[in-house]
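Down below is the structure, laid out as structure tokens.
A short reminder: the numbers here are calculations on the coordinates, not readings from a lab. Predicted model only: the values in this text are computed from it and were never measured. For neighbour counting, all protein chains shown are included, and Cβ atoms are generated from backbone atoms with ideal geometry for every residue, glycine included.
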Amino acid sequence: MAQTDFGDLLHRWRDRLAPSDAGLTVTSRRRAPGLRREELAMLAGLSVDYVIRLEHGRAMRPSAQVVGALARALQLSRSERDLLFTSAGLLPPRDSLVSAHVPDSVQRLVNRLADIPIGVFAVDWTLLMWNRPWTALHGDAAVLPVAERNLARMIFGDGPGARALRPSFSDDAGRFERSIVADLRAAVARHPHDQSLRAMIDELAGASAHFAQLWADTSPAEHVSQRKTIAHPRVGEITLDCDVLDVPGAGLHIITFTAAAGSEDQGKLDLIRAVSV
């Protein structure tokens with residue numbers, strides 16, 4: 001397909017998606033029913049100018065990471081996602097590789113739980129989708145290149161992007177780290193031909209002796225509900241319940257942070273959300 005076909009698909013699917021289904025607030029002054037370009041850019045973690053150039057056919061050869069981010073933001077089905085990849089001159093993702101697809105049902109879940117910080121991750125712990133409370137609590141992952149939005153890189157990596165959004169947990173961080181590494185080991189076993197995943201493992205093993213030590217330890221480490229104390233720049237320390245939920249058949253991890261109703265930490269979480277709007 002020509003690059004203009006890619007832009008036409010973006011425009012058509014942008015017009016189709018209701019802002020409320022994307023977790024956006026709808027005002028009475030809105031004229032068009034679909035997403036604005038700046039809203040699609042925000043949801044995909046791209047610049048507005050780049051989205052405009054893609055739609056107009058002036059930006060050539062978008063990367064697979066960019067096309068995948070647009071497909072998730074537009075809540076495309078697998079067949080629609082594959083069509084978008086093909087129109088960009090790319091091969092659709094193979095089943096043997098780590099999937100970056102987020103089903104519509106999971107996207108609706110994230111958008112409708114708008115008061116809870118939620119992040120959706122692939123099996124290699126790449127952050128695929130997050131909501132505004134997540135950004136308010138942890139910082140904006142959109143400032144990082146798509147390929148660097150990875151929790152394992154944020155924890156064990158030594159690049160400036162990883163350090164910028166590294167989680168600041170003071171409670172039993174070791175157990176959480178062990179479970180992340182165990183998940184990566186399982187992902188490698190499940191996707192042995194994914195060269196990007198293998199390259200990331202090698203990168204982290206070279207950058208972090210701690211990661212290399214955990215990688216060599218083949219003991220199982222399951223996720224459990226934990227209370228995590230986060231050092232937040234606006235409200236100071238905030239202690240929240242952290243849960244990791246797996247989506248059967250989709251190869252996704254969902255992390256949520258909650259606090260008991262009426263607690264001091266819930267008040268801090270409400271304040272964080274309010275000041276970040």
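Kindly indicate which of Leu74, Leu54 is under 22 Å from Ser105 (Cβ atoms) and either of a type in the set (Val, Ile, Thr) or in contact with a helix residue (DSSP H, G or I) (Cβ under 9 Å, 6 or more places away or on another chain) (or both).
From the options Leu74, Leu54, the qualifying one is Leu74.
Condition (residue is among the β-branched types (Val, Ile, Thr) and within 23 Å of the chain's Cα centre (by Cα)) applied to the stretch 90-102: is it met by at least one residue?
yes
When you look at His193, is it within 27 Å of Pro93 (Cβ to Cβ) and either among the basic types (Lys, Arg) or touching a residue at least 40 places away in the same chain (Cβ under 8 Å) (or both), yes or no?
Taking the combined requirement at face value, the residue satisfies it.
Which of the following residues is within 15 Å of Thr256 (Cα to Cα) and surrounded by fewer than 21 Cβ atoms within 10 Å (Cβ to Cβ): Ala114, Ala147, Ala142?
So the residue among Ala114, Ala147, Ala142 that is within 15 Å of Thr256 (Cα to Cα) and surrounded by fewer than 21 Cβ atoms within 10 Å (Cβ to Cβ) is Ala114.
Taking Leu35 as meeting all but one of (1) surrounded by 21 or more Cβ atoms within 10 Å (Cβ to Cβ); (2) in a helix (DSSP H, G or I); (3) of a type in the set (A, V, I, L, M, F, W, C), write down the number of the exception.
(2)
Starting from the stretch 68-79, take each residue that is within 16 Å of Gly45 (Cβ to Cβ) and list its partners that are of a type in the set (Gly, Ala, Ser), counting only C-beta distances under 7 angstrom and pairs at least six apart or across chains.
Hits for this filter: Gly68/Ala100; Ala69/Ala44; Ala69/Gly45; Leu70/Ala44; Ala73/Ala44.
Inside the stretch 63-82, can you point out the residues that are assigned to a loop (DSSP other than H, G, I, E, B) and under 23 Å from Leu24 (Cβ atoms)?
Leu74, Gln75, Leu76, Ser77
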